[in-house]
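Down below is the structure, laid out as structure tokens.
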Amino acid sequence: MTKKILITGAAGFIGSHVARLFVNQYPDYHIVNLDKLTYAGNLENLKDIESAPNYSFVKGDIVDAAFINELFEKEQFDAVIHLAAESHVDRSIKDPLAFVYTNVIGTINLLNAAKNCWQADYSNKRFYHISTDEVYGALGAEGLFTETTSYDPHSPYSASKASSDHFVRAYHDTYGMPVVISNCSNNYGPNHFPEKLIPLCINNIKNNKPLPIYGDGKYTRDWLYVIDHARAIDMVFHNGKNGDTYNIGGFNEWQNIDLVRTLCKLMDAKLNRAPGTSEQLITYVKDRPGHDLRYAIDATKINKELGFYPSVTFEEGLEKTVEWFLENEEWLNHVTSGSYQQYYNAQYK
Ligand code: NAD
Ligand code: TYD
């Protein structure tokens with residue numbers, strides 16, 4: 001079936017993998033990538049698909065309602081997969097309003113434009129909102145987030161994502177908009193922006209720079225390889241139920257310090273360094289304010305209903321990731337120059 005699908009934020013980390021999967025797997029779909037190209041958006045992520053006949057790029061800001069309404073009128077999208085967001089917790093602590101504009105107002109602008117275009121006939125339409133497990137807040141040593149866990153966000157980032165989730169559900173309940181939401185755990189993999197823990201440590205190990213561990217390093221995250229997240233998004237987009245939420249996780253919990261030690265061992269081997277060399281770079285630094293102790297997903301629903309399970313183990317995924325970063329030095333040099341340097345110096349001074 002021919003479909004015109006808007007993917008927002010497809011120049012970013014996860015969005016680029018989702019766009020690639022859809023462009024390659026569904027030649028009958030036309031994929032329109034709408035991205036503002038903030039510091040996190042990089043068209044180099046999409047080089048291999050940029051001239052595909054079923055792909056096009058539009059530069060624009062989801063906060064600009066008039067522009068979004070015009071784009072929807074012109075393009076008459078059949079579906080939206082919404083990933084555009086400000087996505088880094090530490091940046092949200094420094095500048096919460098930027099997160100309100102893009103994550104909350106930007107999402108509402110997209111919902112309004114979709115409603116205006118679709119409300120006469122919602123059949124075969126879909127608004128798919130990509131969200132995070134961070135909306136559920138923090139777990140103690142036990143327990144898992146399920147789709148019915150109450151929202152309890154702590155950071156400006158997670159508060160803005162929680163707000164956007166509520167608006168998406170409100171448009172379903174109030175206006176009958178066919179929506180679906182997924183809340184995923186921490187992703188890692190190729191094209192990950194090196195402000196996040198794993199790519200930051202890969203880059204710093206490579207350059208013999210300190211590996212900053214917040215607090216005691218015992219904070220726990222559930223890690224999923226980004227290409228597996230893209231596979232899960234494909235499944236939810238095609239087979240998820242309207243109005244439903246799906247939690248997506250990696251069945252893969254790690255304390256930060258254990259993860260970084262594992263990464264150090266892997267990098268020592270890849271860089272032909274003596275075992276134990278990179279671990280000496282580990283440096284405990286001031287904790288993140290409001291730091292959530294543990295995230296862990298119960299992914300039973302998406303596993304049972306849609307058959308999702310990660311295709312790679314963490315060891316395999318981490319090795320692929322490290323190899324990608326070592327082979328793509330130019331990519332890393334481009335994204336770590338300029339404004340990234342200023343951010344890095346301010347965050348870790
Ligand atoms: P990212 O920061 O790498 O990419 C975000 C993209 O959105 C960039 O290309 C950026 O240019 C674009 N963008 C930002 N503001 C925009 C605006 N106002 N208008 C248009 N485009 C704009 O983020 P990511 O890690 O790829 O995350 C994508 C989505 O997945 C986000 O909604 C995030 O909340 C969610 N998510 C991320 C993770 C994770 O581990 N990274 C986990 C679960 C959910
Ligand atoms: P991050 O990659 O920023 O993802 P999120 O905050 O969305 O989970 O951080 C992952 C974990 O690593 C989190 O517990 C914070 C921690 N962390 C550090 O210890 N040092 C760092 O320099 C960064 C960026 C994160």
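The values are calculated or read from the model by the stated rules, or taken from the named source; none is laboratory data. Small disclaimer: the values here were computed from a predicted structure and weren't measured. As a convention, Cβ positions derive from the backbone with ideal geometry for all residues, glycine included, and neighbour counts pool all protein chains shown. Protein only, heavy atoms only, side chains kept; ligands, DNA and RNA dropped before computing areas. Shrake-Rupley method; radii C 1.70, N 1.55, O 1.52, S 1.80 Å.
Using a 1.4 Å probe on the protein heavy atoms, what percent of the accessible area of the chain belongs to carbon and sulfur?
Of the solvent-accessible surface of the chain, carbon and sulfur hold 50 percent.
For segment 159-181 and segment 7-37, what is the centre-to-centre distance using only Cα atoms, to the nearest Å?
Rounded to whole Å, the Cα centres lie 22 Å apart.
Send over a whole-number figure in Å² for the accessible area per residue of the chain, probe 1.4 Å.
Normalised by residue count, the accessible surface of the chain is 41 Å².
When each pair of different Cα atoms in segment 200-277 is counted once in the 1/r mean, what is the Kirkwood radius in angstroms, to one decimal?
Values: mean 1/r = 0.0665 Å⁻¹.
Over segment 200-277, the inverse of the mean reciprocal pair distance is 15.0 Å.
Once a ≥ b ≥ c are taken as the square roots of the eigenvalues of the Cα gyration tensor of segment 41-88, is the result rounded (a/c under 1.5), prolate (a/b larger than b/c) or oblate (a/b not larger than b/c)?
oblate
What Kirkwood hydrodynamic radius do you get for segment 1-154 when you take the inverse of the mean 1/r over all pairs of distinct Cα atoms, in Å?
Over segment 1-154, the inverse of the mean reciprocal pair distance is 16.6 Å.
Defining a contact as two alpha carbons under 8 Å apart and six or more residues distant in sequence, what relative contact order in percent does the chain show? Could the numbers behind the result be given before it?
Details: 625 pairs, mean separation 58.2, N = 349.
Averaging sequence separation for qualifying contacts and normalising by length gives 17 percent for the chain.
Between the alpha-carbon centers of segment 182-197 and segment 199-273, tell me the distance in whole angstrom.
6
For the chain, count all C-alpha to C-alpha pairs, find those more than 39 Å apart, and express that count as a whole percent of the total.
That fraction is 11 percent.
Using DSSP to define loop residues, name the GluC sites (Glu not before Pro) in segment 97-180 whose beta-carbon has at most 11 other beta-carbon atoms within 10 Å.
On the way: sites: GLU134, GLU142, GLU147; in loops: GLU142, GLU147.
Hits after loop and neighbour filter: GLU142.
Which trypsin sites (Lys or Arg not before Pro) does segment 152-258 hold that lie in a coil by DSSP with at most 13 other beta carbons within 10 Å?
Here the sparse-neighbourhood loop sites are LYS218, LYS241.
Could you pull out every one of the lysines with an alpha carbon less than 20 Å from that of LYS125, ignoring same-chain neighbours closer than 8 positions?
Result set, ordered by chain and number: LYS3, LYS4, LYS74, LYS115, LYS241.
Treating cross-link reach as a plain straight distance, find the lysines whose alpha-carbon is under 27 Å from the alpha-carbon of LYS209, omitting any fewer than eight places away in the same chain.
Cα-Cα hits under 27 Å: LYS94, LYS196, LYS218, LYS265, LYS270, LYS286, LYS320, LYS349.
Towards the positive end of the charge dipole of segment 195-349, with charges on Cβ (+1 Lys, Arg; -1 Asp, Glu), say which of HIS334, PRO199, HIS291 has the farthest Cα.
Checked the options; the winner is HIS291.
In segment 284-346, which trypsin sites (Lys or Arg not before Pro) fall in coil by DSSP and have 16 or fewer other Cβ atoms within 10 Å?
Working: sites: LYS286, ARG294, LYS301, LYS304, LYS320; in loops: LYS286.
Here the sparse-neighbourhood loop sites are LYS286.
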